[in-house]
Amino acid sequence: MIQFTKEVVGNLDVSLSREWLETNGLGGFASSTIVGLNTRRYHGLLTAATKPPVGRIVMLSKLEETLIIDERRYELSANQYPGAIHPRGFLYQTNFRLDPFPLFTYEVGGLVLEKSVFMVQGQNTTVVHYELGPNRNATEYPGVVKLEIRPLIAFRDYHNTTHENSAINRTLDAAGGIVSLQPYADLPALHISHDDAELDANGQWYRNFEYAVEQERGLDSNEDLFNPFTLTFDLTRHRRVRIIASTERLEIRRADRLRDAESRRRKSLGPTSTQTDDLVRSLFSAADQFIVARGSQKTIIAGYHWFSDWGRDTMIALPGLTLATDRAEIAKSVLSEFAQHVNQGMLPNRFPDGGETPEYNTVDATLWFFEAVRSLLQYTNDYDFVQVKLYEVLKDIIAWHVRGTRYHIQVDQDGLLYSGAPGVQLTWMDAKVGDWVVTPRTGKPVEIQALWYNALRLMEILARRFGEKDNDEQYAKLAVRAHKSFNAQFWNEEAGCLYDVVNGDTRDGSVRPNQIIALSLTHSMVSKLRAKSILRVVERELLTPRGLRTLSPKDPQYRGRYEGNALNRDGAYHQGTVWPWLMGPYITAYVKVFGASGRKVAADWLNVFQQHLEEACPGQVSEIFDADPPHAARGCIAQAWSVAELLRAATEDVYTKVPAAHAASVTHGSATLE
C-alpha cells in the first residue's frame, strides 16, 4: 500500500506532481493527480481503446462532486482555470492511497467520504465507488446528506482537446438506472450506470479548463467539457453510491462483483513466496499494466499516457514483464503476434494510434526480437515452440540483413551491421524535430553490433539444435568475423571504453551508455579486462541514482534538463537525459564482471528506486529523469521498459540466482568476460 496524508494532498506543489494510473488490459486507461485535478489532456476517468490497444478516446474526463449536508454545499472537486483553481476540494481531502485501487478520503463536517476508482480488465469500463463512513462527531448523521455528481465528457482523440461546439448531440436515453449518450455519431456511446438517484437532464458546457503540464510542454492546454446531466444521491438513506462508466451497458448490480473480481486478480499478480523484496513485489504489480491485447494475441504498451505498442520497447520489456513474472504464455503470444508483422526482415517500430500500416524504421527492434527469444528459451527451454512458430522468421531476418533491407541496413564486408539513411533515426536514440535528427548515429552503432553478434550466436545454437549443419556453420562464420572486426574497430584506448559509432574512418568518442549493452548481452564480444574499464568509465560519467545518463556531462552537447517546448525537450532526450531502463543492462554487466560483490552493490542501486515508487506515478517507474540533480522525473509517468529492466535485473542478477541456462551460455563462442 502506498499512501499520502493530508500534508501531501493539501499541498498542491507536491500533490499535482503525483498521478495515479488505472489500466484495462486493452490499452485504455484512467488517470489524474492524487487530488483529482486534471493537469494533462491525457487525464480522464475513461479513456477507451476502441481498436485495442489503440484508437484511444477520452470519453469521461471527470466527475464533479458536491457533498450536500443540510442544504450546505461542499465542493470536493478541483480544476485549474486561467489564473485560478476552483473549486478547492483538496482542502477537504485527508488521504490518498493505493490499496490496490486509487482511494480518496474526504472529511467534511465530521463526515468521512471515501471514493475508489478502478478499471475492469478486458473492458472499457471504469467503476467509481463512494461510501459514507462514520460521523466522527456524533452517532447520528446530521440532517440530510446528499451527493451530487456531474459527469464532464470530452469525446475526442486522447492527443487532442475538445472545445464548445453546436454539433454535440445532447440526447439522453435514461432507463433502468443507466444513462446512455452518444454526443457524436462517429464515436461510441457512453453508458453510465448508477444507484438510485434523481436525474437532472439539463446539459451545459464547462469552459476553459487549463492543463498546466501541457502548457509547460508547449502544447494545446485549454479545453471545454460538456456536462450532459446531473445525478443526486441520498446518502442519508443509502451510505453507498456506485457508478459504472462504460462502452457497454452494465447493470449497476454488477459493480460489487466487478470490484471483487478485479481485487482478486491483482492479488494473484504478486511474486512467489521466496521473492519478498518490496521493490520486486511492487514491480510485479506495475508490470501488469503494460500487457494488453492486440487482436487475439498480446502486446506491450510502451508507456502511459501517450505511447502505443512499439517493437523496440516491446522486445526489450518482454523478459522483465512476462518471463520474470512467470507469464511465459503471454511472452509466447507477444512473440507470435510480432512475428506475423515482420516485413523485409524487419520488426515494426510501432503500430500507429489510428490503426494504420505499421512503421518499419528501426534497426534495433528486430535484433532485440532475437534477445527476447533467447530469454524465452532461458526460462522455458521450449525449443519446440521456437522451431514451429519463430525459427523460419528468424532465419528470414538474418538473410535480409545479410543481403540488405530498408535504410541501407546490411552486413558490411567486415561482418558488422551498417545502417543509416538521411533524415531517419534508426536506433533507440530516435529524437527528431522536423528534419533535424538529433542523434543520427549513421554507420555502425556499438549496441547494434552487440545485438547482431548476440543474434548470430543464438541462431548458431538453434541451427545446431534443429540439425541444420550448413546454417550452423554459416552463423558461426558470420559471428567470428563480426567478433574480430568489433574488437579491432571499437576499442577506444585513450578513453578506456568503446566508441559509440564507427562509420568508415570516423570514430565517435562520445561517452554514452550504449556500450553497456555490449557487455550485458549473453553472447558478448568484450573481454573481462575491457569490461571492467568500460564499467569504470560509465560509473564515473553516466551513473545516477535514477539510471544512466545518455551523454557525459563533459560533452559540449550535454543537456542537463528535459523541459520546455518540443524542440528543447527532444534536443535533450538523448543528450544527457537519464533513462532508468539502462540500469537493467548496467546491473547485468556489473554482476557478470564482479560476481557476488557486484550483486551487493547492485542491490543498493535498486533499493534507491523504492523511493521513486512514491513519486511521479505511485507504484510505477517514469520514462526519464533530468540529467542534472535532483534528477526530476520527466516524460511518461509509467514506462514499460523502465519497470521491466529493473524487474529483470532484480530477479535474474540481484535477489535470486541467475538461471542456469543464462549462466551456462554467458561465454558461448568466445573468451567473453574471462
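Just the residues that are open to solvent by 10 Å² or more (accessible area, probe 1.4 Å) and more than 18 Å from Asp309 (Cβ to Cβ), please, taken from region 619-650. Listed by number, the residues that qualify are Gly619, Asp628, Pro629, Pro630, His631, Ala632, Ala633, Arg634, Arg648.
Yes or no, residue by residue, for (1) open to solvent by 10 Å² or more (accessible area, probe 1.4 Å); (2) touching a Pro at 6+ places or on another chain (Cβ under 6 Å); (3) modelled with pLDDT under 95; (4) charged (D, E, K, R):
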position: Ser510; (1), (2), (3), (4): yes, no, no, no
position: Pro513; (1), (2), (3), (4): no, no, no, no
position: Ser524; (1), (2), (3), (4): no, no, no, no
position: Pro545; (1), (2), (3), (4): yes, no, no, no
position: Pro553; (1), (2), (3), (4): yes, no, no, no
position: Pro556; (1), (2), (3), (4): yes, no, no, no
position: Asn565; (1), (2), (3), (4): yes, no, yes, no
position: Asn568; (1), (2), (3), (4): yes, no, yes, no
position: Gly576; (1), (2), (3), (4): no, no, no, no
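Taking (1) in contact (Cβ under 8 Å) with a residue 60 or more places away in the chain; (2) not in a strand (DSSP E or B) in turn, Tyr184 satisfies each apart from (1). Quick one: in region 318-348, which of the residues that are among the polar types (S, T, N, Q) and either open to solvent by less than 10 Å² (accessible area, probe 1.4 Å) or part of a strand (DSSP E or B) (or both) is farthest from Gly27 (Cα to Cα)? Checking each candidate, the answer is Asn343. Among the residues of region 624-649, those that are in contact with a helix residue (DSSP H, G or I) (Cβ under 9 Å, 6 or more places away or on another chain) and in a loop (DSSP other than H, G, I, E, B) comprise Asp626, Ala627, Gly635, Cys636.
Mind checking whether some residue in region 62-77 is touching a residue at least 40 places away in the same chain (Cβ under 8 Å) and of a type in the set (S, T, N, Q)? Taking every residue of region 62-77 in turn, at least one turns out to be touching a residue at least 40 places away in the same chain (Cβ under 8 Å) and of a type in the set (S, T, N, Q). Identify all residues within region 1-29 that are in a strand (DSSP E or B) and open to solvent by 40 Å² or more (accessible area, probe 1.4 Å); write none if there are none. Correct list: Gln3, Thr5.
Residue selection: Arg374 satisfies the criterion of being over 17 Å from Trp310 (Cβ atoms) and either open to solvent by less than 30 Å² (accessible area, probe 1.4 Å) or among the polar types (S, T, N, Q) (or both).
Where residues in region 493-503 are outside any loop (DSSP other than H, G, I, E, B) and not aliphatic (A, V, I, L, M), which of them is surrounded by the fewest Cβ atoms within 10 Å (Cβ to Cβ)?
So in region 493-503, the residues outside any loop (DSSP other than H, G, I, E, B) come out as 497-498, 501-503.
Those left that are additionally not aliphatic (A, V, I, L, M): 497, 503.
Values: Cys497: 24, Asn503: 16.
Only one residue tops the list, namely Asn503.
Checking Pro134, Pro52, Pro100 one by one, the residue that is closer than 22 Å to Thr247 by Cα and open to solvent by 10 Å² or more (accessible area, probe 1.4 Å) is Pro52 and no other.
Scanning region 592-623 for residues that are farther than 30 Å from Lys528 by Cα and either touching a Leu at 6+ places or on another chain (Cβ under 7 Å) or part of a strand (DSSP E or B) (or both) gives Gln610, Cys617, Pro618, Gly619, Gln620, Val621. Please verify whether Ser32 is under 18 Å from the mean Cα position of the chain (by Cα), under 28 Å from Arg253 (Cβ atoms) and part of a strand (DSSP E or B), treating the condition exactly as stated. Judged against the criteria, Ser32 is a match.
Take the conditions in contact with a strand residue (DSSP E or B) (Cβ under 9 Å, 6 or more places away or on another chain), surrounded by 14 or more Cβ atoms within 10 Å (Cβ to Cβ), among the small types (Gly, Ala, Ser) and at pLDDT 95 or above and apply them to Ala212. Does it pass? Yes.
When you scan region 419-436, do you find a residue that is touching a Leu at 6+ places or on another chain (Cβ under 8 Å), farther than 16 Å from Thr362 by Cβ and not in a helix (DSSP H, G or I), even just one?
Looking for residues that are touching a Leu at 6+ places or on another chain (Cβ under 8 Å), farther than 16 Å from Thr362 by Cβ and not in a helix (DSSP H, G or I), one finds at least one in region 419-436, hence yes.
Taken together, the criteria exclude Phe370 from residues that are closer than 30 Å to Arg18 by Cα, aromatic (Phe, Trp, Tyr) and part of a helix (DSSP H, G or I). For region 177-198, filtered to residues that are in contact with a strand residue (DSSP E or B) (Cβ under 9 Å, 6 or more places away or on another chain) and open to solvent by 80 Å² or more (accessible area, probe 1.4 Å), the residue that is nearest to Asp256 (Cα to Cα) is Asp196.
Those strands (runs of 3 or more DSSP E) of region 227-317 that lie entirely within it include none in which at least 3 residues are out of contact with any strand residue (DSSP E or B) (no Cβ under 6 Å at 6 or more places or on another chain) and open to solvent by 70 Å² or more (accessible area, probe 1.4 Å). Counting the residues of region 504-531 that are over 25 Å from Pro440 (Cα atoms), assigned to a loop (DSSP other than H, G, I, E, B) and without any contact (Cβ under 8 Å) to a residue 60 or more places away in the chain gives 0. For region 150-167, filtering for residues that are assigned to a loop (DSSP other than H, G, I, E, B) and either modelled with pLDDT under 95 or open to solvent by 20 Å² or more (accessible area, probe 1.4 Å) (or both) leaves 8.
Being under 15 Å from Leu63 (Cβ atoms) and of a type in the set (S, T, N, Q) narrows it down to one residue among Thr230, Thr247, Thr171, Thr236; which is it?
Working: Thr247 fails: under 15 Å from Leu63 (Cβ atoms); Thr171 fails: under 15 Å from Leu63 (Cβ atoms); Thr236 fails: under 15 Å from Leu63 (Cβ atoms).
None of the others qualify; the one that does is Thr230.
More than 28 Å from Ser221 (Cβ to Cβ), modelled with pLDDT of 95 or more, touching a Leu at 6+ places or on another chain (Cβ under 8 Å) and not acidic (Asp, Glu): is that true of Gly122 in this structure?
Values: more than 28 Å from Ser221 (Cβ to Cβ): yes; modelled with pLDDT of 95 or more: yes; touching a Leu at 6+ places or on another chain (Cβ under 8 Å): yes; not acidic (Asp, Glu): yes.
For Gly122, the condition - more than 28 Å from Ser221 (Cβ to Cβ), modelled with pLDDT of 95 or more, touching a Leu at 6+ places or on another chain (Cβ under 8 Å) and not acidic (Asp, Glu) - is met.
Considering only region 457-478, state which residues are open to solvent by 50 Å² or more (accessible area, probe 1.4 Å) and of a type outside the set (Asp, Glu). Across region 457-478, the qualifying residues are Arg464, Arg465, Gly467, Lys469, Gln474, Lys477.
Remark: pairs (first residue in region 543-560, free of Cβ contacts under 8 Å to residues at least 24 places away in the same chain; second residue assigned to a loop (DSSP other than H, G, I, E, B) and open to solvent by 40 Å² or more (accessible area, probe 1.4 Å); Cβ separation under 7 Å; 6+ apart in sequence or on different chains) are absent. Among the conditions (1) among the hydrophobic types (A, V, I, L, M, F, W, C); (2) part of a strand (DSSP E or B); (3) within 30 Å of the chain's Cα centre (by Cα), Val112 misses just one, which is (3).
Of all residues in region 441-492, those satisfying the criterion of being out of contact with any strand residue (DSSP E or B) (no Cβ under 9 Å at 6 or more places or on another chain) and not in a helix (DSSP H, G or I) are Phe466, Gly467, Glu468.
Is it the case that region 600-613 has a residue that's closer than 22 Å to Arg217 by Cβ and touching a residue at least 24 places away in the same chain (Cβ under 8 Å)? Break it down stepwise before answering.
Restricting attention to region 600-613, the residues satisfying the condition of being closer than 22 Å to Arg217 by Cβ are 612.
Of the ones still in play, those that are also touching a residue at least 24 places away in the same chain (Cβ under 8 Å) are 612.
Among the residues of region 600-613, at least one is closer than 22 Å to Arg217 by Cβ and touching a residue at least 24 places away in the same chain (Cβ under 8 Å), which makes the answer yes.
The values are calculated or read from the model by the stated rules, or taken from the named source; none is laboratory data. All values derive from a computational prediction rather than experimental measurement. Heads up, the Cβs are rebuilt from the backbone with ideal geometry, glycines too, and the neighbour counts pull from every protein chain shown. The accessibility values were calculated without ligands, DNA or RNA, using every heavy atom of the protein model including side chains. Shrake-Rupley method; radii C 1.70, N 1.55, O 1.52, S 1.80 Å.
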